[in-house]
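Data first, discussion second: the structure below is written as structure tokens.
The values are calculated or read from the model by the stated rules, or taken from the named source; none is laboratory data. Keep in mind that this is a model prediction, so the values were computed, not measured. Positions of Cβ are backbone-derived with ideal geometry, glycine not excepted, and every protein chain shown enters the neighbour counts.
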């Protein structure tokens, strides 16, 4: 009788030990799997096709000493052939500046239409960030006005323009950048018909957003 009781207790203890031991092993396995999954980086993706919105703030200067506070906004459509090389099929941009020099008020507006190329660095920070650079060129118009107590005139014209931009994507959608924009060409006075060659340079800090589907990349 005692022997049967002892054997029954041993069998019960063994069963309980196996049950909780297996459960403990399962918990350890689940925890290891969970930790491993969290540590694995997200799959690499890039926006193959995207619309972009840009907003910038900076200064417009020219060869005659013009120095105006300015801002810009732009709309883009871009396509990446692979994660490193892409193109801006079009960009419409508007640069607007105004200021005052020696009692003379002035403003300048540059609507521009450009195309360009862009390149991106390898991704980092869990495949969410990357640096990029872009170069664009095209045609832009210039509307330049001056006004003082003795004189007022508006000049209209246009010419070629180009832009260089370098920045970093903090997420797959949002970026910050520095941009340098040049607008050249001749303008003619609306009233005086006086023709002036004008070249202005715009430097700005810019933020922007690219909206498009994230495409997985495989070599």
**Prompt:** residue 132 fails exactly one of the following numbered conditions: (1) farther than 17 Å from residue 111 by Cβ; (2) at pLDDT below 95; (3) buried (at least 17 other Cβ atoms within 10 Å of the Cβ). What is the number of that condition?
**Reply:** (2)
**Prompt:** Among strands (runs of 3 or more DSSP E) lying entirely in the stretch 151-219, which contain 3 or more residues that are under 24 Å from residue 69 (Cα atoms)?
**Reply:** 152-169, 174-183, 186-189, 200-211
